Amino acid sequence: MTDFKKKKEDAFDNDYPLDHVPATARKGLLPISAVLIGFTFFTPTMASGASLGAAFNFDNLLWIILVGSLILGVYVASICAIGAKTGLTSVLLSRYTLGKAGAKWADIILGGTQVFWYAITAEYMGMLFSSGLGFNSFAAKVFFILFWGVIMGVTALYGVRAMALVSYVAIPLMGALMIIVMYMAIKEAGSLNAIRSIVPTNEMTVTSAITVIVGTFASGGTQAANWARFAKNARTAFIAGLLGFLLGNGVMVFSGMLGGLVFNTGDLIELMIKMGLTVWALIILTLNIWTTNNATAYAFGVAGAEMFGKNNKNPFILGGIIIALIMAIAGVSTIFIPMLGIFGTFIPPLGGAIIGDYLFVSKRKLPKMEYVTFRKIRLAPLLAYALGCATAYFTGKYNIGIPTLQGILAAVITMPLFHKIFVALGDPDAHRVSDDAEYV
């Protein structure tokens, strides 16, 4: 291999899409946390917080945000810890849980939803820049969709290292912006006590409010193993998951909540534009979306690699970007709200099945992939996953409790129960493992 080819392969990091991440590629808390926090620093999360700000008083909002963020944080941190312990992506963990054919469903729902998210953000960028810069035409919108859609996707080709670098730039700017807006909110209201006395103008149940917080990133968090697998150990990954999805997501919701309470808007970028800070708004929003799109493109890249058995995520990143840009130009945002409900129903229970299988059936030990002959389908996990989806769907339909959380818990709890039933019926519900297998 020539030096040029080797340098090219090193630059475009394939990141072990079909294998365990080796110890030599593991990273510390800072880069993993940066990627996960950058993923959750996403402006629509602020809009979710704004919807809460109009429905509850300040004191109630604090504990609602704490409870919702804690549920989300612990769930995602658990996925992160499993990813780091095994060194596997979420779709490869799905191969252990659902079987070789069953994992294709995980590829579709995990990779497909991320293509959809990429399309949504690309369309948003196109609209923002065309209108923000005064080019109000369809051609201008298409230009900015294609421009930013390509630029943001390229960094995902360079792997976790490049994603961390983008996050190092974006996170301080977003953090500074949120601190400034919190200060402005208190100043606008007159005092913290004045904010506490604001009377809600809308109605929402507490369970619905917690569902909004949990549902914001439950789908994306199910794929957190994709990045956490590079952590040096499970403890580091668990802490990084909490930092990203409890602290990072919680602060974003809190900032949006203050905007909803005081300024009657949860869009901090919109607020900056109203203040005459359009250029800064465009810069910060671009970096904000960039960190999320990096993770999104990476996710559908590794899902494509697993689906087609190719040990290279990059062709699938490029293919997914092309599909997403076509969807963005076609106006995919018109089906945004209906799709959110579908994502919240069918994705988190998969994470529940993986957690239940790993903790209670595999007993926190998985054989390395090279020692395993995978079954096509494992029916026990499939049933646990289906029951989790049904639980999330029907409790959501009849407004009972927190549907996303209940779907996850149903899958976690029933996973070992279904396994025991199949074993009792004579089905080992297990893959064939070599006698000399190594475990992780």
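Values as computed for the structure displayed
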item	result
Enclosed volume per residue, in Å³, of the convex hull spanned by Cα atoms of the chain	139 Å³
Net length gained if the chain between LEU133 and VAL150 were fully extended (0.36 nm per residue, minus Cα distance)	4.2 nm
0 to 90° range, to nearest 10: angle between helix 278-308 axis and the chain longest Cα axis	10 degrees
Potential lengthening between TRP63 and LEU359 on full extension [0.36 nm per residue; Cα-Cα distance subtracted]	103.6 nm
Above-threshold pairs, the threshold being 22 Å between Cα atoms, out of LYS85/LYS368; LYS104/LYS310; LYS313/LYS365; LYS232/LYS420	LYS313/LYS365; LYS232/LYS420
Rough spin-label spacing in nm, given labels placed 7 Å along Cα→Cβ, for ILE108 and LEU340	2.5 nm
Amide hydrogen neighbours beyond the local backbone of LYS27, cut-off 5 Å, H modeled	ALA231, LYS232
The chain - percent relative contact order, Cα under 8 Å, separation 6 or more	31 percent
Order of TRP227, TRP105, TRP290, TRP63 under a 10 Å beta carbon neighbour criterion, fewest first	TRP63, TRP105, TRP290, TRP227
Alpha-carbon centroid distance for the pair segment 76-91 / segment 240-262, whole angstrom	23 Å
GNM result for the chain, Cα springs below 10 Å: residue of THR121, THR334, THR45 fluctuating most strongly	THR334
Magnitude of the charge dipole, the chain, Cβ model with Lys/Arg +1 and Asp/Glu -1, debye to 20	740 debye
Computed [θ] at 222 nm, helices only, for the chain once each DSSP H run of length n ≥ 4 contributes -39500 (n - 2.57)	-22500 deg cm²/dmol
Likely footprinting exposure, SER94, SER197, SER69, fewest C-beta neighbours within 10 Å first	SER197, SER69, SER94
Extended-chain gain in nm, criterion 0.36 nm per residue less alpha-carbon gap, ILE198 and ILE322	40.0 nm
Value of relative contact order over segment 119-233, rounded to a whole percent, pairs C-alpha under 8 Å and six or more apart	14 percent
Residue exposure sequence - TYR439, TYR124 - by fewest surrounding Cβ within 10 Å	TYR439, TYR124
Simple label model, 7 Å out from Cα along Cβ direction - LEU29 to ILE400, nm	4.1 nm
Calculated FRET efficiency for the pair ASP19/LYS420, C-beta based, R₀ 41 Å, to 0.05	0.85
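Throughout, read-outs are computed from the coordinates displayed, never taken from laboratory work. Here the structure is a predicted model, which is why all the values come from computation and not from measurement. With ideal geometry, Cβ positions are generated from the backbone for all residues, glycine too; neighbour counts draw on all protein chains shown.
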